[in-house]
Structure formats: C-alpha cells, structure tokens
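To start, the structure itself, in structure tokens.
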C-alpha cells in the first residue's frame, strides 16, 4: 500500500493532497493572496485588558487585534501535547495570576499566532514561542525537554532522550523531538538545533530594533511546511508539478533529510497531476454538503459560524431485505463513523461539531459506533475532545480551529440569495478555469478555444490571470479567447 504526497502548484494557489492506498486522507490549500498567519511571530502592544475573562487585546498590525488569554501567558504551550521532563524537576504552570499583574496597557510583548482569525474574532495569541524544525521544536522561553508521544517504542524513546540530553541547548530554552526524529541521528538533531537557534537569534535582534506592531518571523510557505511536518520515512513518494517549487523542496530535503531525496519527484506529464492520480473528483466532493456512502446511505454536513452539524441518513441502503431497522441503522452508522472522521479532517472542520447518527436502540451498537469513530479520529493531528452518545442519540465533539475550513477558503456569500447560501469565490473559480483549460487542451488538440464565463469572472481573469492564460496557450500552441456571458451562472465555465 503506497502513501504519497501530491503537490499541485497553480499561479495563485497551491494544493496538497496526501493519498494512502489511492484514497485521499489529507488536503491542504493556500492562496498566495491569503496566506495563513498561524506560526507568525509579532512584536505587539497591549491595547486593552479584560480582567473578567482573564485576557488582553494586543495590536500586532493586523485588521483585528489579537486575543491573549492568561493561560497562554503563564500556562504550558497550548499546541504541545508531548511527554516532558526537566533536569530541574519541572515547572509550576498552574499558579493562578491575575492578568492585570502580568500585563500593562501599552506594554510591548512578543507573541505568536496559534489560531487564525475567525468570523468577528481576531487571531489567538500566545507568549510561548515555538519554532518547528524537521526533527525538533525549539521553545526559547520554556526549559523543558520532550519527545513526541507518537514515538511509542521504549528503546527508541530512550535513544532520543540520551541524544537530547547531550545537545548544547542554551540555558532557559527547551526542545521537543518530533515524530520525524525517530529516524534521525545526533548530527541531524544538532543541525536542526543550530538552524532553529539562528532563527531565534535573528528574531531577537529584530525585536530589539523594530517598534510595535511589527512582524518578526513569518511561518514557512505551504510546500516547505508539508515537507517539514509530513514528509517522513513512511511516505513513499512526493510529486511536485512545478519546477520552481521542486527546486526549493530539493534544497530543503538535501539540507535536513538527504536520505529522503530519492522519494522526491518532479511531475512533468501533460495530464494534470491530480487528474492523473484520480483524486480531482474526490476533491470536488469536498465542496458539497452531501457525502454519499457505498451502502446507499449519505451524510449531510452543514457549517455555521457557531457550530457544524452532521446528519446521517439511511437513504437507499442496499443491504439484505430481511434486516431490521436497528440492523440497518447499525450498518450505515458504522460506515458513516469512519467517513465522518475523514471528512472532518479533509474539510478542516473546527469548533463545536454535533453528529446525529441514525437512531439505535441497542446500547452495544452505540458503543461500537462510538469506538469506530474514536479510532478513526486518532489519525487527526488536531486537538479533539469527544463525548459519548447523549440521551438524544447525538455525539458532541470539539476540534481545534487552527486553519481555515475548506468552505471558508473556497466560498463566499451568494449574491443570488443575498447571503443565505454560498457560491465559490472568484479566486476559486479563476483557479478552476485554469485547470479546466489545461484538462480540455490535454484531451482536445485545437488551434483556438473560447472560454465562456460570467462577466464577473471574466473581469477577474482579464485583470489578474491573463499572463497565466497566455502561458497555457503558448504551452499547448492554442489561442485562448475569454468571452463574458451574463446568462451563465457565476460558477459555470464553458469551453468550446
């Protein structure tokens, strides 16, 4: 069974798919005009303190002020769920200190973004800075040493522990060995540490020179983050369809993990990468409310600003005719449990999630469906709190919202129904149009084609995408004409 990472680079968008045994298991998107800010480090200024909720607002130079909880000042790093030890015997993070004793109005502080802005809320911040490398995470303000819990082998943990003890870590700083560290030797860890310390020294110098609000450190772009966080020994291949991004990836891998270089490939075929690998249609399904199950049942996913509701229906279930309603519900729910866990991860659904499975009377059936769902969620790296079936037959859970959901990236409020629904954004449609043109020209050799689209999309393409469209035309020896058509729906793209 093969596990591959596919990286598709478009002029203004990068998409990454992780495929295991020909099935999409993870999906990431980044637009060049709306890059994520999680991981960015800023020098900010405290603008307000709210003692009642134990929080402060910090100006970091963005449209909305960041939100800093007291627990993110004196507590352990929010995102780190590792096993720690310290030679000094540990640190007391649980002493409650009023926020007004920790911060003052107009005080300048260094903070890191741990959650993207969402709705009317600004980004969530922490003073616990973490700098991730390939094998290590550096914690400049936390002297603890730790090992990822995903490394379970006792001998391997002890081996890594001894290496970490021998590292020349500056006083007051700490590190965590990442999952990728299980294949690393002492030199790999030393190289990582030196790289991260140089980064932190650069950030420190900038913070002394710049006034607030200022950006001190920008998190790596998507391709490098994927190689850093996901490209481990269990990955069989990484395919990249851009020569420029491939060269960047090669430099990164040659420095941090040269033994993985043989798994990195430049994809140059005419057929688009995601089409060739058979996952473009799977990705299209991520934009739909309804997810069909093999059994004939289906799942309905509804997103609002306050919560996500997921409803399971039996639909046209194809089972044995003599099955009872209880048996039918049990079989559909079992299949749905695995698919829901997968969809939550793929769509990056966050916040409160309520799942309404088909009603089951037998307690044992509920327990098994819950167990299947819980096991499927173990593949998810996001922080999750899960609760068993309620008396109303619902499963409630929360999932950390670090990145934007697929819906919020690809859709905007619908102009046809005055914001009651959603349509794909113009940026999404423009990128789709480029892919559709390439797909059409791969299958049809023509000297000239006409791209008919809604006038709003035509303006977007003409103003921002013409050089990319001309580039496609040059590659396929074709003249591409864009024709506005007000009769077309905003999402309709026709090529002739």
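The values are calculated or read from the model by the stated rules, or taken from the named source; none is laboratory data. Predicted, not measured: the structure shown is a model, and the values here were computed from it. Positions of Cβ are backbone-derived with ideal geometry, glycine not excepted, and every protein chain shown enters the neighbour counts.
Which of the residues belonging to region 222-248 are in contact with a helix residue (DSSP H, G or I) (Cβ under 6 Å, 6 or more places away or on another chain), more than 19 Å from residue 196 (Cβ to Cβ) and in a helix (DSSP H, G or I)? Scanning region 222-248 gives 223, 245. Taken over region 372-385, residues that are within 12 Å of residue 341 (Cα to Cα) and not in a loop (DSSP other than H, G, I, E, B) amount to 7.
From the list 278, 315, 296, the lone residue that is on the phi > 0 side of the Ramachandran plot and touching a strand residue (DSSP E or B) at 6+ places or on another chain (Cβ under 6 Å) is 315.
The residues in region 34-50 that are at pLDDT below 90 and surrounded by fewer than 18 Cβ atoms within 10 Å (Cβ to Cβ) can be counted, and the count is 2.
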